Structure formats: structure tokens, C-alpha cells
Amino acid sequence: MKHISLVMLITLSTYFAFAQDTTQHIIQGRTNSKEQEAKPYVIMISIDGFRYDYAEKYQAKNLLELSGQGVKATAMQPSYPSLTFPNHYTLVTGLYPSHHGLVDNTFYDRTRKQTYEMKNRDAVEDGTWYGGTPLWVLAEQQHMVSASYFWVGSESPIQNIRPTYSYRYQEKTGIDDRIQSVVNWLKLPAAQRPHLITFYFPEVDHAGHSYGPESEQVKQQVQFVDESIGKMVKAVNALNLPVSFIVVSDHGMSAVDTVNIIRLKDMGLKMSWGGERTMFYSDDTVKVNEAYAYYKSHEEHFRAYKRNETPLRWHYGTEDKYNRIGDIILVPDAGYVFAQTKPMKQHIGHHGFDNNLTEMNAVFMAWGPAFKEHQRIGTFANIHVYPLVAEILGLKITEPVDGRPEVLQPVLKGR
């Protein structure tokens, strides 16, 4: 048996201790101002990996009925890259990934000389990695209490502010207990009651990766989430509060070729690997140019870009505010993925591809007292959700964002 170092054991034990932390974290002493006590409530729910067509495809009866009474978009286009961390953070900041700093699930920061990884607890909980002003930070700055049952960034003191009520991410707590936490928050006295609640479901994404978007397992998880949201809505409605629901996802899902996997030659550059996009970094311009020339001349089922060559519609390499996007970006064609850098089970389903691909599209549904009834709208970019939520809650947006309020204002009552 190979020996495991003491440092590795400590690291692993610390990670799993955090991963199993099911306690609620509360910032003491916060209350709603009297003005904010009178405001309505928003519960924003993310279903990770819930493709734009899953509700109809897999008979999500509660979501279809509820959104049928309110608002349903044809689809919601994710930002590029169509990955979990960049898009969850875009939804709560109204900024493209190149502008808020989470340019990937894993990336290298040239200035810090450090790598951010979504599985690295120290990075995830370090607020200095995160740009923009998330909705819960905006709310707390304006004396409105917020809560989060998981959302990218909510575990971290961004601008030294966390939600008043939050949980560290783990998948141990059952759904009924999670729903009850939301109900308990809304049963608090008006001064302590959160007006913004974010809530996250991982199950559909897990099934999509492991079994592919056409699988029975995805259908089962879509119906599990649908049933769970039905339970939540019933329990919340019983409280007779002016609560509006917004259901979103971060991206879609696509089946890929797991046999003809693209293997990349090592050109001696620092690499940030992703099956649907791999980035290379180097301070040596000669090495970058040599590697780029090689990859460009060997494009087969993938495309090579220098950072300043990425498509403008991605709002990506040419708008890299934090200097975190690779000097070279390799992007596979639809249906193909790059080989993994270490042996592990190959996923059948993937996302992260060009956000113009239909299968990468996400879902948007909304209902409740803030929304008009029986509204159908076309596909829109996910940057516009932030100003929508801010308007419902009467929050003033305090810094420039990419999202525009006029895009979704027409779905609100009185607009």
C-alpha cells in the first residue's frame, strides 16, 4: 500500500469535515430596517444542469403548472463558459464571468500566482477571489436580511459580507430538512426574516454527467426536484407572505463521444484542464506562440484561440478584468471532449461548450405576486436576472453591471 503523507491526511480530513458541516451559520445582530420589513420576498432556486427543455421532456408537472400561471422563457442563455461556478455567480452579480472573476470552475490568477478550484475549500471561502456585488451583499448593505441554502459565493465573505443565514455546501442533509429551513426562516419575526433566499439543487446535474441527458436517471431527478419544489411552494404559501419564486439553472447538458476523446500534446505550459475547454498560461511569449502554432495546425474537432482572439459574443478573453483567462484557450467542437489529465470515470454528459449551442441553454421560470400571469417570453441572457431581482426587492444597484433592467421588466406587474 502506498503511504499517504501527514499533510495529505490533514488536508483530506479538513476537507471532509467541512463537507459534512450541516450546521446553520448565522451572522448575529443583523435586522431588517423598517423600510425593508415592508418589502416583498424572493426565493431564487437553481437546479444545476436543468436543460431548457427538461420540464416538458420529463413531465415536471409542478414547474409546468406554476410557471404556466406566471412566467416561462423559451430558454435562458448561459454566459461563456457554460459551467457551474461562472454562471451561478453571473446570476447573482449581473456580470459576465470575465468581469466578476470566476472565469471557469478552475483557473490560474497571474497576479496572485495562485489557482482557484471549486473543490478547494480555502479558495471557495476566500472572498478576495470574487468580484462584483452579489445580491445578498447588495441586500445586507441596504439593511435587508438575506439567506442562502447553497449558492456559489455564499460561503465566502465577499466585501466582508456573507448572508445572515447560510450553510456550507454538502449533500448530506435531506431535502425535507432543507425545505423546512426555508420555512423556518420565513417564520422568523419580521425584523429577522430574510427577504432574499437562494436555494440550490445538484441532483439533475449529477445524473446528467453520469448517465447523459436522455437517461432514465435524469428523468427521475427532474421529477424529484419538481416534487420538492411543489412541497416548498405549498409550505411557503401557507405562511401568507408576498413571496415570489424564480427558478433558474446555470447551463444545459449534452451527450458526448466517450470513445473518440481528444488527446492534447503537452507543450510545457501551465495548464488549467477542462473537458470542454482547456487553458494554457505562460509568461514566455515564445513558448506561447510555439504552442499556439502547434495546436492551430492540429485542429481536429477543436478550435485554438489566443486570449485576444476569442469570439466577441463570448465577452471573454478580450474583457479579462482580473487577468485570469489563459494565453491559449482550446475549445472542442460540440459532442467532443478533451482527455482527462488523470484516470477517472469518463462522463457521458457534459456542459461548458459554446453558449450559442441550444443544448447548453438553461431554464427560467417565475411566479408569485411580483409577476404577471400567463406570460411567455423569448430566450434572453442570464446577466439580466440580477436587475430583475433587485427591482422586485427595491434594492438600488450600486455599481455598473452587464445586465439591463429593461429586458425583464415587462414580466413584472405594473410594468
For this session: Return the residue satisfying two criteria in turn: it lies in the stretch 185-204 and is outside any loop (DSSP other than H, G, I, E, B) and either in contact with a Leu (Cβ under 9 Å, 6 or more places away or on another chain) or hydroxyl-bearing (Ser, Thr, Tyr) (or both), and of such residues it is nearest to Val222 (Cα to Cα).
Result: Tyr200
Seminar exercise, completed: The lone condition Gln217 fails out of (1) touching a Phe, Trp or Tyr at 6+ places or on another chain (Cβ under 9 Å); (2) surrounded by fewer than 18 Cβ atoms within 10 Å (Cβ to Cβ); (3) touching a residue at least 60 places away in the same chain (Cβ under 8 Å); (4) closer than 24 Å to Val256 by Cα is (3)
For this session: Examine the stretch 303-314 for a residue that is closer than 25 Å to Ala381 by Cα, part of a loop (DSSP other than H, G, I, E, B), at pLDDT 95 or above and out of contact with any strand residue (DSSP E or B) (no Cβ under 9 Å at 6 or more places or on another chain), and state whether such a residue exists.
Result: no
Seminar exercise, completed: If we take the stretch 1-88, then strands (runs of 3 or more DSSP E) inside it with 1 or more residues that are under 19 Å from the mean Cα position of the chain (by Cα) and either modelled with pLDDT of 95 or more or among the aliphatic types (A, V, I, L, M) (or both) are 41-47, 71-73
Exercise. What tally of residues in the stretch 316-347 results from selecting those that are buried (at least 20 other Cβ atoms within 10 Å of the Cβ), touching a helix residue (DSSP H, G or I) at 6+ places or on another chain (Cβ under 9 Å) and either on the phi > 0 side of the Ramachandran plot or not in a loop (DSSP other than H, G, I, E, B) (or both)?
Worked result: 4
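Name the single residue, out of those in the stretch 295-310 being surrounded by fewer than 18 Cβ atoms within 10 Å (Cβ to Cβ) and among the polar types (S, T, N, Q), that is farthest from Lys265 (Cα to Cα). Even if it seems obvious, please write down each step before you answer.
Initial filter on the stretch 295-310 (surrounded by fewer than 18 Cβ atoms within 10 Å (Cβ to Cβ)): 296-301, 303, 306, 308-309.
Filter once more, so that each one left must be among the polar types (S, T, N, Q): 297, 308.
Details: Ser297: 12, Asn308: 22 Å.
Here the answer is Asn308.
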For this session: Determine whether the stretch 164-184 contains at least one residue that is of a type in the set (A, V, I, L, M, F, W, C) and surrounded by fewer than 20 Cβ atoms within 10 Å (Cβ to Cβ).
Result: yes
Exercise. Restricting attention to the stretch 205-231, which residues are touching a strand residue (DSSP E or B) at 6+ places or on another chain (Cβ under 8 Å), more than 18 Å from Glu171 (Cα to Cα) and either of a type in the set (A, V, I, L, M, F, W, C) or part of a helix (DSSP H, G or I) (or both)?
Worked result: Tyr211
Exercise. Give me the pairs: first residue in the stretch 121-145 and free of Cβ contacts under 8 Å to residues at least 24 places away in the same chain, second residue polar (S, T, N, Q) and not in a loop (DSSP other than H, G, I, E, B), beta-carbon distance under 8 Å, and six or more apart or on different chains, which are they?
Worked result: Ala123/Gln114; Ala123/Thr115
Exercise. Just checking, how many residues over the stretch 252-268 are crowded, with 22+ Cβ neighbours inside 10 Å and touching a Lys or Arg at 6+ places or on another chain (Cβ under 8 Å)?
Worked result: 2
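The values are calculated or read from the model by the stated rules, or taken from the named source; none is laboratory data. Predicted, not measured: the structure shown is a model, and the values here were computed from it. Don't worry about glycine lacking a Cβ; one is built from the backbone with ideal geometry, like all the others, and counts go over all protein chains shown.
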